[in-house]
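Notes follow the structure.
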Amino acid sequence: MAELDSPSKNGKKNNKGPGLVDIETWFNLFLQKLFPVWYCVRYVAEMPMEYLGDINPKSFLCHRWLSISDVNHAAANSLEHAGDSWKDCAGLLRKIHRTKSYKRYLSIRNVTAVQSSVVDENYESLYEYGEAECKDIPNHHAEHFDALSFELFGDKTKHYPFVYREVDGRYYYRNTEEPRKFAALLMHCRNKQRDLMVKADIEVQSVDMRVVEIMRSRYWLLLMKRDSAYQIAYLVRAAKIHCQIAEFEWRRSDLVFLVLRKDDYRTAQIVESMVRRHFPRSVMDWGRYLCTHNIPFRNR
């Protein structure tokens, strides 16, 4: 039986003669036409697939993190333009992201990022940002701590805006000015083992698990590299199985969703073969990701 076509390893040229290559190509096309599902199952198990990489990187700027809202809305927009048969999935995606606000006291040592900065360097944390950008701000003594904390959070009648994301347990500060003094204050707390509790208006960004479970019962949303998704979609459609490509968020335009329905046993065979071989480095189930990445906000 001929091997399925795949890129040659290590960039080496295929040493097979042109006649043998033509025969193998013809035979693979014959198998694909005669047994499309079987061929697709074999192909997705053997095809090389690029790694996804880190979809939720660390950064002192929150807009460089994975955005559940942006992901779901981008995918929903794609599916709405794909026809009426995909509008149910699009509607579910739009209902997943939820927000609720709480007025609580918050330790600033829990905060790992800010909303904005003029600095373009990709520091992984506010501490890295502070060590590189805030060397000229005194933060060594108690009077420095008192001055910084009063300047930043001295209004006792105000609740300062923060956000908590249940998908990764990260807090960020919705700053309106350059966060140099905030980072200097954080470094003092770390170096001197101190803390500061501020009155906070915390927006909690969460996922509606009931909606996620409904979506998971009806659809697979498989995240993968764009080229791989288009190859697999071609084979799936050749097997007369409905599927759709949906966009991921704008930060990672190299990734897309391959969306399939769960009402066809043939689809399950293809997905099982793909996941068994490539999960989780090259293929990720979005519904499963949302269910397993959840750190609930402690409402107290």
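The values are calculated or read from the model by the stated rules, or taken from the named source; none is laboratory data. On a predicted model such as this, the values are computed, not experimentally measured, just so you know. Reconstructed Cβ throughout: ideal geometry from the backbone, glycine too, with neighbour counts over all protein chains shown. Areas reflect the complete protein model, heavy atoms only, side chains present, ligands, DNA and RNA absent. Shrake-Rupley method; radii C 1.70, N 1.55, O 1.52, S 1.80 Å.
A few points about this structure:
- Taking other residues whose beta carbon is less than 13 angstrom from the beta carbon of PHE279, and scoring Lys, Arg as +1 and Asp, Glu as -1, yields +2.
- Beta bridges by DSSP in the stretch 99-207, antiparallel share as percent, to the nearest 5: 60 percent
- Lys/Arg +1, Asp/Glu -1 at C-beta; the chain dipole; positive extreme among THR112, HIS144, MET209: MET209
- Label corresponding to volume of the Cα convex hull per residue in Å³ when calculated from the structure given, among [x] 181; [y] 144; [z] 164: [z]
- Relative contact order of the chain, pairs being alpha-carbon contacts under 8 Å that are 6 or more residues apart, as %: 25 percent
- Simple spin-label estimate for VAL118 and ALA45 in nanometres, 7 Å along Cα-Cβ: 5.9 nm
- Global geometry of the stretch 91-157, whether rounded, prolate or oblate, following the gyration tensor of its Cα atoms and the 1.5 cut on a/c: oblate
- Cα gyration tensor shape for the stretch 190-300, rounded if a/c is under 1.5, else prolate or oblate: prolate
- Considering only beta bridges that DSSP places wholly inside the chain, some 75 percent are antiparallel.
- The residues of the stretch 54-170 have, on average, 51 Å² of accessible surface per residue, using a 1.4 Å probe with all protein chains present.
- The chain - percent of accessible surface contributed by carbon and sulfur, probe 1.4 Å: 50 percent
- Gyration tensor (alpha-carbon) shape descriptor, the stretch 99-207, a/c threshold 1.5: oblate
- In the context of the full set of protein chains, the stretch 174-300 has a per residue accessible area of 50 Å² (1.4 Å probe).
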